[in-house]
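Enquirer: I'd like to ask some things about the structure below.
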Amino acid sequence: MSTKPSLDTRRRRIVQAGAALALGAPAVLRAQSGPKIRIGYWPVAAGLPFFAAVEKGYFKEAGLDVEPLKFAGAQQVMEAMLSGRSDGSSNGTGSGNLGVGEIASPGLFKIIATNPSNQKYVLDQFLVPKDSPIKSLAELKGKKVASGPGIQNRVLAITVLERAGAPGTAVTELPIGQHVAALAAGQVDAVYTLEPTGTVGRLNGTTRVLEAGVIAKYILGDPLAPWHGGSATLTTEFIKKHPAETKKYIAAYARGIELVRTNPADARQYLKGYTAIEGPLTGEVPLASYMLYNEFKPSDIAAFQKFFDLFTEKGVFEKKLAVESLIYKG
């Protein structure tokens, strides 16, 4: 009588061994078993911590399956979160756009990090053609001005122009990737834009910065105030459904922020493929600052609130939004 185990028994042992190996495997090999985490971004330099965390493998090392979703503007990122097609946003996604989503669907998201910028940490700027005679924002009164797409970019551009002495100037929305070409072709006299646009235009010799850090100066009243213009978020639905993955995701995202803070030269290479910057040009882009949910001081909340209150004042928000309630509490 044969003592060899039957075919069914051998198959069962192979399956059991495979399961045991999987349970003992490194998290990176088990990533597929968790939820796919879909994160919306648009191609601005402020998204760098997210880009770096993806490319460095920080999310995979945490056992997470993160899928970056590229959108033409911050408004589309927010709409994807509203419709359940995205589980959050990367840094660089307009906080004002996210606020619109919060009013449409209260409790939509929590902010895990922002990217405060100002005249020291440059993100926002007005550009003109390199040979333009325009020397100040006030001289843009009555000129053809464009902004990035979405309500946040347009409202901020109009308000800055009002406060800088160019009230009543019309602003048209234009995809951010077209800003430099539109200036070079003479289609517009100036653009309100976000990095890396200014760096692209400067390095190809077609544009120059008219003024940078304009939101801190004209909206917040202090050139060095933190403008929390972009936010990395996770939807509340995802946080509730996947508490363990949420903590791992935030920890891995924080590693991306830490890399940008401590080794920006290494981090900058990951702008390639996510923004219009690549090769040696990656070393030229000014970087925003970053603030994790647990690093906010009362003064940061106050500056953020002042920014949001502008959107209430301008009728973009139907009601006042309390920033503090939107910050992830851990």
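Enquirer: How much accessible surface does E61 have with a 1.4 Å probe, in Å² rounded to 10?
Expert: E61 exposes around 100 Å² with every protein chain in place.
Enquirer: Another question, if that's okay. Count charges around G47 for me, please; just the other residues with Cβ under 13 Å from its Cβ, Lys/Arg as +1, Asp/Glu as -1. Write down the numbers at each step before the final one.
Expert: Values: positive: K70, R268, K272; negative: E55, E195.
Result for the local shell: +1.
Enquirer: Another question about this same structure. Compute the signed sum of charges (Lys and Arg +1, Asp and Glu -1) over the other residues within less than 15 Å, Cβ to Cβ, of G201.
Expert: Details: positive: K130, R202, R208; negative: D124, D131, D189, E195, E211, E284.
With Lys, Arg at +1 and Asp, Glu at -1, the net is -3.
Enquirer: So which residue, out of D309, D65, D266, gets the largest mean-square fluctuation from a GNM of the chain using Cα contacts under 10 Å as springs?
Expert: D266
Enquirer: Can you list the lysines whose alpha carbon is less than 23 Å from that of K110, not counting same-chain residues fewer than 8 positions off?
Expert: The qualifying lysines are K36, K60, K70, K240, K241, K247, K248, K297, K306, K319, K320, K329.
Enquirer: If you rank I327, I151 by how much accessible surface each has, with a 1.4 Å probe, what is the order from largest down? Display every interim value, and only then the final one.
Expert: Details: I327 10, I151 55 Å².
Descending accessible area places them as I151, I327.
Enquirer: Cut-off 10 angstrom, C-alpha nodes, Gaussian network model of the chain. Which of G101, G34, G47 fluctuates the most?
Expert: Answer for the Gaussian network model of the chain: G34.
Enquirer: Hey, another quick one. When the helix-only estimate is applied to the chain (DSSP H runs of n ≥ 4, each -39,500 (n - 2.57), divided by the residue count), what is the mean residue ellipticity at 222 nm, nearest 500 deg cm²/dmol?
Expert: Details: 13 runs with 125 residues, N = 330.
Here the helix-only value at 222 nm equals -11000 deg cm²/dmol.
Enquirer: Would you mind checking which residues have amide H under 5 Å from F109's amide H? H placed 1.01 Å from N; only 5 or more apart, or other chain.
Expert: Under 5 Å from the amide H of F109: T236.
Enquirer: Follow-up. I need the phi-derived Karplus couplings for region 202-209: 6.51 cos²θ - 1.76 cosθ + 1.60, θ = phi - 60°, integer Hz, Gly and Pro marked x.
Expert: 3J(HN,Hα) across region 202-209, in whole Hz: 5, 6, 8, x, 10, 9, 9, 7.
Enquirer: How much accessible area per residue does the chain have, counting only protein heavy atoms and a probe of 1.4 Å, in square angstrom?
Expert: For the chain, the solvent-accessible area averages 44 Å² per residue.
Enquirer: Could you please tell me the mean projected area of the C-alpha convex hull for region 139-269, averaged over all directions and given in square nanometres to one decimal? Before the final figure, lay out each step's value.
Expert: Details: hull surface 40.9 nm².
Averaged projected area of region 139-269's Cα convex hull equals 10.2 nm².
Enquirer: If you project the alpha carbons of region 145-205 onto their three principal axes, what span does each projection cover, largest first, in Å?
Expert: 31, 20, 17
Enquirer: Could you run the Karplus curve 6.51 cos²θ - 1.76 cosθ + 1.60 with θ = phi - 60° over region 303-308 and give me ³J(HN,Hα) per residue in whole Hz, x for Gly and Pro?
Expert: After applying 6.51 cos²θ - 1.76 cosθ + 1.60, I find 5, 4, 5, 4, 5, 5 Hz.
Enquirer: For the chain, take every pair of Cα atoms, bin their distances at 20 Å starting from 0, and report each bin as a whole percent.
Expert: 31, 52, 12, 4, 1
Enquirer: Whole Å is fine, so just give me how far the alpha carbon centre of region 255-330 lies from that of region 123-168.
Expert: About 22 Å separates the Cα centre of region 255-330 from the one of region 123-168.
Enquirer: Further question: What part of the accessible area of region 73-167, given as a whole %, is carbon or sulfur when the probe is 1.4 angstrom? Could you put the intermediate results ahead of the total?
Expert: Details: 1570 of 3040 Å².
Carbon-and-sulfur percentage of accessible area, whole number: 52.
Enquirer: What figure, in Å² to the nearest 10, do you get for the accessible area of R261 with a 1.4 Å probe and non-protein molecules left out?
Expert: Result for R261: roughly 100 Å² accessible.
Enquirer: Just to verify a number: what accessible area does S105 come out at with the full protein assembly present, 1.4 Å probe, Å² rounded to tens?
Expert: The value for S105 is about 40 Å².
Enquirer: Return the lysines within reach of K130: Cα separation strictly under 23 angstrom, same-chain partners fewer than 8 residues apart disregarded; answer none if there are no such residues.
Expert: Once the sequence-local lysines are set aside, what remains near K130 is K120, K141, K143, K144.
Enquirer: Another question, if that's okay. Just to check I understand the Karplus step: with θ = phi - 60° and J = 6.51 cos²θ - 1.76 cosθ + 1.60, what whole-Hz values come out for region 100-106, glycine and proline as x?
Expert: 3J(HN,Hα) across region 100-106, in whole Hz: 4, x, 5, 5, 5, 9, x.
Enquirer: At a Cα cut-off below 12 Å, give the aspartates and glutamates reachable from K56, other chains included and same-chain residues fewer than 8 away excluded.
Expert: Output for K56: D266.
Enquirer: For region 25-169, what size does the Cα cloud have along each of its three principal axes, sorted from largest down, in whole Å?
Expert: The principal-axis extents, from largest down, are 63, 34, 22 Å.
The values are calculated or read from the model by the stated rules, or taken from the named source; none is laboratory data. Owing to the predicted nature of the structure, the values given are computational and were not obtained by experimental measurement. Methodologically, a virtual Cβ is constructed for each residue, glycine included, from the backbone with ideal geometry; neighbour enumeration extends over all protein chains shown. For the accessible areas, the whole protein counts, side chains as well, though only heavy atoms, and no ligand, DNA or RNA atoms are used. Shrake-Rupley method; radii C 1.70, N 1.55, O 1.52, S 1.80 Å.
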